[in-house]
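What follows draws every value from the coordinates through simple rules; no lab data is involved. As the structure is a prediction and not an experimental result, all values here were calculated from the model. Every residue, glycine among them, receives a Cβ derived from its backbone with ideal geometry; neighbour counts consider all protein chains shown.
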Number of protein chains: 2
Amino acid sequence: MQVNSISWSETEKEVAHQAFDKAYEREINALLEEVRTQASNITEIDQIWRLHDFLSARRHDIDGKYDYRYSVLIFVFARLLKEKWLDMSDLEGLERAKLTKIAALTRM
Amino acid sequence: MQVNSISWSETEKEVAHQAFDKAYEREINALLEEVRTQASNITEIDQIWRLHDFLSARRHDIDGKYDYRYSVLIFVFARLLKEKWLDMSDLEGLERAKLTKIAALTRM
């Protein structure tokens, strides 16, 4: 699948930006909620180190995942769909060829 | 200062163990409280990463500090005194020579 050569219209760039930001906001809000819940239930040191491990993993994951380069955006969106931070309706406005590629990638 | 050759009587070992555990418990309780407070006030992702950085530093610090080997215990106690996790009364029962060495180390 050739994705590096895919071109994005100005309208598509806008849709993409909004979808990207929406996914990020949803994931961060879920993380904020999770951290507050975990932290409020902490009574033992092991739970602190588990929280630390959890944050290390989430930070690494989030830092790597939210990569807004048009050359990789198809893959990023496929992953965000798989992980339910986006649904197809968030990508409405992208051309059919891109949506088809993204949908195909979510099934891999 | 020769500390490797210091011998510890059974009574001193008991005092040392109790003081060591007490310091650890105090420091961990303070950490638990700090984490709960920080986490309950989290509203932004930057605060989550700051909490993560804070936990990374505390974990590294605590893992290195609580080293119960008699060859290093004099230094460990001096540090715990400096950091106020112990006070001299917690070490009552150690022989005067050890207390003098520990007190001298806290002034370094």
Let me spell it out: the conditions are (1) closer than 19 Å to A:I28 by Cα; (2) assigned to a helix (DSSP H, G or I), and A:I74 meets all of them except one. Which number is the exception? (1)
Restricting attention to region B:84-108, which residues are closer than 16 Å to B:F20 by Cα and in contact with an Asp or Glu (Cβ under 8 Å, 6 or more places away or on another chain)? B:W85, B:G93, B:L94, B:K98
Name the one entry in B:I28, B:I74 that is of a type in the set (A, V, I, L, M) and either within 14 Å of chain A (Cβ to nearest Cβ) or touching a strand residue (DSSP E or B) at 6+ places or on another chain (Cβ under 7 Å) (or both). B:I28
Looking only at region A:82-100, filter to residues that are within 15 Å of the chain's Cα centre (by Cα) and touching a residue at least 60 places away in the same chain (Cβ under 8 Å); which one of those is farthest from A:E10 (Cα to Cα)? A:W85
Test B:A23 against the stated conditions and say whether it is assigned to a helix (DSSP H, G or I), touching an Asp or Glu at 6+ places or on another chain (Cβ under 6 Å) and touching a residue at least 40 places away in the same chain (Cβ under 8 Å). no
If I ask for residues that are farther than 20 Å from A:L81 by Cα, hydroxyl-bearing (S, T, Y) and either in contact with a Lys or Arg (Cβ under 7 Å, 6 or more places away or on another chain) or surrounded by 16 or more Cβ atoms within 10 Å (Cβ to Cβ) (or both), which ones from region A:4-41 would you list? A:S40
Taking region B:54-70 and keeping only residues that are of a type in the set (D, E) and loosely packed, with under 12 Cβ neighbours inside 10 Å, one is left with B:D63
With respect to B:R79, determine if the residue is out of contact with any helix residue (DSSP H, G or I) (no Cβ under 7 Å at 6 or more places or on another chain), in contact (Cβ under 8 Å) with a residue 12 or more places away in the chain and in a helix (DSSP H, G or I). no
Among (1) of a type in the set (S, T, Y); (2) under 30 Å from A:Y24 (Cβ atoms); (3) out of contact with any Leu (no Cβ under 9 Å at 6 or more places or on another chain), there is one condition B:T43 misses while meeting the rest; what is its number? (3)
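Inside region A:35-71, can you point out the residues that are part of a loop (DSSP other than H, G, I, E, B), within 14 Å of chain B (Cβ to nearest Cβ) and basic (K, R)? Step through it out loud before you land on a result.
Within region A:35-71, the subset part of a loop (DSSP other than H, G, I, E, B) is A:41-44, A:66-71.
Narrowing the set further to residues that are within 14 Å of chain B (Cβ to nearest Cβ) leaves A:41-44, A:66.
Within region A:35-71, no residue meets the criteria.
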